[in-house]
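Each remark here refers to the structure printed beneath this line.
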Amino acid sequence: MTSLVTASNVSKSFGDIRAVDNVSFQIEKGKIMGLFGPNGAGKTTLLKAVLGLTDCEGQLSVLGLDPFKQRKELMQNICFIADVAVLPRWIKVSQLLEFIESTHPNFSRARADELLSRTKVRKDAKVRELSKGMVTQLHLSIITAIDARLLVLDEPTLGLDIIFRKEFYANLLNDYFDGERTILITTHQAEEIENLMTDIMFINDGRILLDSSMETLPDEYVELTTSGEDADRARQLGPIYERDVFGKKVMTFEGVDKEKIAGLGELHTPSVTDLFVAKVKGAAA
Amino acid sequence: MIAHQFALIKREIWEHRSVWITPAAVASVVTFVAIAVVVMVAAFGEAFHPEIEKIADATIPDVMRRAALAIILLVNTSVFVMAMWFLTIFYCLDALYTERKDKSILFWRSLPITDAETVVSKLLTAVFAIPVATMAAVIVSHLLNLIIMSVWLGTEGVNPFRFIWGAVPLFDTWAAVFVFLLAIPIWLAPLLGWFLFISAWAKRGPFLRAVLPIAILPILEYILFKSWNLGLAIINRLAIETMPIYDINELASGFDEDHLHSLLEQDISLVSLLDVSGFLTSVEVWAGLLVCGLFLTAAIYVRRYRDES
């Protein structure tokens, strides 16, 4: 496996606040890595470091390059959509395509035209005349038409209605992802990408709480719905988090022998959102 | 690299439509005024512009007619020069500010273009694109102005082909005007560099932040050292007459009537009045370019290293 992103002991401080605190991880080629964390957890700072928009301490290598020092080379092979990286509102769609065609060596105008022809985005429209959903379609079409090795998406569907959100991820998988390309994505709507990502990472207070492949997640984490005396017995086995659902106890276990708790209630794999809450609250407790 | 610059400058013209709208608007106003002047002359028989009478006067020598036509074209051009001065300064103040205000900067930075390339393209827009757009408008405006005068002379029974089109030193004037327009941003370069830097740096209100130091520092110098060196240097830069490309007194005397009479046998060439090599070898010009380079480097640094969100 080739590693596209390698971070070892990466930190970034703003004054006294350590936004990213000694973080190490790898993202391998062909993966879709979901990065989750509450607001202010350090997600955006970490993404910015990966994109070379901010410098950091420690070793960070993206596509074998130093992202901060070799930004221009990096940007030939990386694309990103961030909720803050808005397309300029004054530009016409046709002008935007012309500009990218003449500045990006890996951009295919024909592919972008083809992708856009499936949408309602008109070439002679200005970005400001498009709805937010159409702007995102436009942005995704552009990025899909760039033969980039790594795509970074920071809250790409923020503020979009559900139809556009579904369509966005469908297009991402169908048009962009081909097993060769790699995606790093953050979103608040974890459930929307749960079936899409191959790997998952949780970050809180600048530290990584979880870094796992989606395949091994069910082996590692299990949720037990139980009540009464069974609940007391289960509690002895050290769940990382416990919550009440309709008068029953739902406990999240990490690395527990499933046979031991199988008789104590109903077992299932936690959803990403539940697991996230369990990890964050569990770490805080 | 060069292909990038073409694309980037094109983008500047798309975004900052004032680059061509301003000269086009000036051309419209100047043409309207030219029509109004001719109509007034035709209606009241009185020339508001003494030079216009000279053109139609068959008794004066051709050299004076040429000079009179050149003067009319230069008066017309001076409006464009003033407009270009404002346009260049406001463009530079805006160039690196709006991309941060509308938050498109992160999108632009997601493309494989360096910050240096982008900042340089903004300077090149001010130094080349604005003078070229202005020159195009000047040419159109001159032609319209001459056509309007031809129509008027035609109705007066004077042959415009001989008195206007046969006499006007069109290409000499255009060459001189174009050189002059290209020299203006080079002369203003230190200030343009400063404006670009403020445009990249100011979180808000770039105009005040750019203008206040220019106004306050000379006053501080006066309070502290009782001298006006900085103030004079700034005013000297802002004024176009002080450009070391021509001697304004000599230029004015070239059109002085007495002087003209003594030059009856000679042709006046505007181009020959410009001292391009003197301008390009002037210490003042190079010192200005150096200051511009320093501010430009600072602007690139700010765009490159400052975290915008």
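Read-outs throughout are calculated quantities, based only on the coordinates presented, and are distinct from any laboratory measurement. No experiment lies behind these values; they were computed from the predicted model shown. Cβ placement follows ideal geometry from the backbone for every residue including glycine, while neighbour counts extend to all protein chains displayed.
Structure data summary
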read-out	value
Reachable lysines, given that their alpha-carbon falls under 16 Å from the alpha-carbon of B:Lys203 and they are not under 8 places away in the same chain	B:Lys101, B:Lys103
Rounded FRET efficiency, nearest 0.05, which uses the C-beta distance separating B:Asn236 from B:Val39 and R0 of 56 Å	0.85
Peptide-level mean, for B:98-109, of C-beta atoms on other protein chains within 10 Å	5
GNM top mover of B:Arg11, B:Arg237, B:Arg66 - chain B, alpha-carbon springs below 10 Å	B:Arg11
Square roots of five times the Cα gyration tensor eigenvalues for the protein assembly as shown, Å	68, 26, 18
Residue-averaged 222 nm ellipticity for chain B, from DSSP H runs of 4+ at -39500 (n - 2.57), nearest 500	-24000 deg cm²/dmol
Efficiency of FRET between B:Asp307 and A:Lys120 - r from beta-carbon atoms, R0 51 angstrom, step 0.05	0.90
Footprinting exposure proxy for B:Tyr305, B:Tyr246 (fewest neighbouring C-beta atoms within 10 Å first)	B:Tyr305, B:Tyr246
Where chymotrypsin sites (Phe, Trp or Tyr not before Pro) fall in DSSP loop in the stretch A:246-281, at most 16 other Cβ within 10 Å	A:Phe246
Percent RCO, i.e. relative contact order, over the stretch A:1-113, from Cα pairs under 8 Å lying at least 6 residues apart	22
Positive-end extreme of charge dipole, the protein assembly as shown - chosen from B:Phe6, B:Val127, A:Leu53 (charges on Cβ)	A:Leu53
Size of electric dipole in the stretch B:2-305: Cβ of Lys, Arg +1 and of Asp, Glu -1, about Cα centre, debye, nearest 20	1960
Nitroxide proxy distance, nm - points 7 Å out along Cα→Cβ at B:Ser28 and A:Thr216	6.9
Average partner coverage of A:93-103, which counts Cβ from other chains inside 10 Å	4
Antiparallel %, DSSP beta bridges [both residues in the protein assembly as shown], to 5	65
Helical mean residue ellipticity (222 nm; -39500 (n - 2.57) per DSSP H run of 4+; nearest 500) of chain A	-9000 deg cm²/dmol
Extension reserve of the A:Asp113-A:Ile163 stretch, reckoned as 0.36 nm per residue once the Cα distance is removed	15.8 nm
Contour excess over end-to-end distance, with Cα ends at A:Glu191 and A:Lys132 and 0.36 nm allotted per residue	19.1 nm
Protection proxy ranking, peptides A:269-275, A:213-219, A:104-110, A:48-54, average beta carbon neighbours within 10 Å, highest first	A:48-54, A:269-275, A:104-110, A:213-219
Percent RCO, i.e. relative contact order, over chain B, from Cα pairs under 8 Å lying at least 6 residues apart	25
Charged-residue dipole, Cβ positions (Lys, Arg, Asp, Glu), the stretch A:138-285 about Cα centre, Debye nearest 20	360
Per-pair calculated FRET efficiency, R0 = 45 Å: B:Leu273 and B:Leu208 via Cβ, rounded to 0.05	0.70
Cβ charges +1 (Lys, Arg) and -1 (Asp, Glu), total dipole of the protein assembly as shown, debye	640
